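Q: Just passing along the structure, written as structure tokens.
No lab work stands behind these numbers, since they all come straight from the coordinates. Remember, predicted model here, so these are calculated numbers, not experimental data. Cβ sites come from the backbone with ideal geometry, for glycine too, and all protein chains shown count toward neighbours.
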Amino acid sequence: MKQPIGVFDSGVGGLSVWREIAALLPNENIIYFADNANCPYGPKSQKEVIELSEAIVKFFISKNVKLIVVACNTATAAAIDYLRANYELPFVGMEPAVKPAAILTKTKCVGILATAGTLGGKLFKATTERYASDIKVVKQVGTGLVELVENGNQYSKKAEELLEKYVLPMIKKGADHIVLGCTHYPFFRPLVDRIAGEGVTIIDPAPAIARRVNDILEDQQLNALDNDAPKYHFYSSGASSTMKTLLEDVLHVDTSKVVLEENVAL
Ligand code: DGL
């Protein structure tokens, strides 16, 4: 049960999911893979995203993982059906959190900020039809936002400008809940909270994903019951400087106690 959990994203965004898993499941060893050499995934074709995701899955299997978290909405939309059909281990993907937003909205209008790949995918369409058929769903592609986080510029003037451009029109159309449908976007908080203002609730699906991981591990009796010092390993296919800064400054991880490996070729 000490086998690690594998968590991956096109870059550092999935760290917003990693932190929830590490907090909820402090006994688990976790391997994180940031495919930042190929980031962003959002504008890529489904075929390309499947190929990139599969290479990471094979890498994780070579590291003997027991469960894989696709901590990327875009890769989930493009590849999770393929991965589940071709690999036996359990996968947890990012659900666009339309359901909680649709349940909680008072204005009957919710906003979803995500990549083009996520908003154009059949998972988003099915989730919206299932849970939000009587709700107005305002979709917004967050062009340029992933790159800002990847370059460590999530609190820049440019970030503020783009977020105002994307968030304010959704609120103008009546949205009282805004779903962060890309795992990079939680790193824009508190900027998003300030721009959205008090009457608007921002939904980050990451805590629900961590609970799902816990449920599967418990069901399959795969959870690590004790572990004095969980091992955290962070790989990236490109440079790891942004990841190191985010881990230290935002996630408050002591990077002298974890392993960071960069320019890992798959
Ligand atoms: N974090 C990824 C997601 O959740 C970013 C996608 C991209 O690389 O464009 O969709």
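Q: In terms of Cα to Cα distance under 29 Å, which lysines are near enough to K106, apart from those fewer than 8 places away along the same chain?
A: Those lysines meeting the cut-off are K122, K125, K136, K139, K165, K172, K173.
Q: In addition: Loop by DSSP (not H, G, I, E, B), at most 16 other beta-carbon atoms within 10 Å: where is the longest site-free stretch of the chain for trypsin sites (Lys or Arg not before Pro)? Can you show the working numbers first?
A: Working: sites that count: K2, K63, K106, K108, K173, K231.
Longest site-free region, per DSSP loop and neighbour criteria: 109-172.
Q: Grab the DSSP H runs of the chain that are 4 residues or longer, score each as -39,500 (n - 2.57), total them, divide by all residues and round the 222 nm result to the nearest 500 deg cm²/dmol.
A: Working: 11 runs with 109 residues, N = 266.
Computed mean residue ellipticity for the chain: -12000 deg cm²/dmol.
Q: Now for a different question. Looking only at T255, T74, T183, which one moves most when the chain is put into a Gaussian network model with springs between Cα atoms under 10 Å?
A: Maximum fluctuation in the GNM of the chain, among the listed residues, is at T255.
Q: Rounded, prolate or oblate: which one fits region 72-196, using the alpha carbon gyration tensor with axes a ≥ b ≥ c (rounded when a/c is under 1.5, else prolate when a/b beats b/c, else oblate)? Intermediate values should be presented prior to the final figure.
A: Numbers: a/c = 2.34, a/b = 1.21, b/c = 1.93.
Judged from the Cα gyration tensor, region 72-196 comes out oblate (a/c at least 1.5, b/c at or above a/b).
Q: Also, I was wondering about something else. Could you compute the net charge surrounding I31? Neighbours are other residues with a C-beta less than 10 Å from the C-beta of I31; K and R count +1, D and E count -1.
A: On the way: positive: K63, K231; negative: none.
It works out to a net charge of +2.
Q: Summing +1 for each Lys or Arg and -1 for each Asp or Glu, what net charge is found among the other residues whose Cβ lies under 12 Å from the Cβ of V110? Could the numbers behind the result be given before it?
A: Numbers: positive: K99, K106, K108, K136, K139, K173; negative: D134, D176.
That sum, taken over residues with Cβ under 12 Å, equals +4.
Q: Another question, if that's okay. H233 to E88: FRET efficiency via 1/(1 + (r/R0)^6), r the Cβ-Cβ distance, R0 22 Å, to the nearest 0.05? Intermediate values should be presented prior to the final figure.
A: Values: r = 23 Å, r/R0 = 1.03.
Between H233 and E88 the formula returns 0.45.
Q: What do you get for Rg/Rh over the chain if you use C-alpha atoms and the Kirkwood form of Rh? Before the final figure, lay out each step's value.
A: On the way: Rg = 17.7 Å, Rh = 18.5 Å.
Here the Rg-to-Rh quotient is 0.95.
Q: Add +1 for every Lys or Arg and -1 for every Asp or Glu among the other residues with Cβ under 10 Å from the Cβ of T183, and state the total.
A: Working: positive: none; negative: D9, D204.
Neighbour charge sum, excluding T183 itself: -2.
Q: Follow-up. Evaluate the charge dipole of region 1-121 about its Cα centre and quote only its size in Debye, nearest 20, assuming +1 on the Cβ of each Lys and Arg and -1 on the Cβ of each Asp and Glu. Could you put the intermediate results ahead of the total?
A: On the way: 11 positive and 10 negative charges, 59 e Å.
In total the dipole reaches around 280 debye.
Q: Also, quick follow-up: With label points built 7 Å along Cα→Cβ from the Cα atoms of E51 and A116, find their separation and express it in nm.
A: Inter-label distance under the simple model: 1.9 nm.
Q: Further question on the same structure: Got the relative contact order for region 58-140 handy, in percent, Cα pairs under 8 Å and 6 or more residues apart? Don't skip to the answer; put the middle values down first.
A: Details: 93 pairs, mean separation 25.0, N = 83.
Across region 58-140, relative contact order equals 30 percent.
Q: What distance in nm lies between label points placed 7 Å from Cα along the C-beta direction at D226 and A23?
A: 2.6 nm
Q: Looking at region 81-160, which GluC sites (Glu not before Pro) are in a loop (DSSP not H, G, I, E or B) and have at most 11 other Cβ atoms within 10 Å?
A: Numbers: sites: E88, E129, E147, E150, E160; in loops: E88.
Sites meeting the loop and neighbour criteria: E88.
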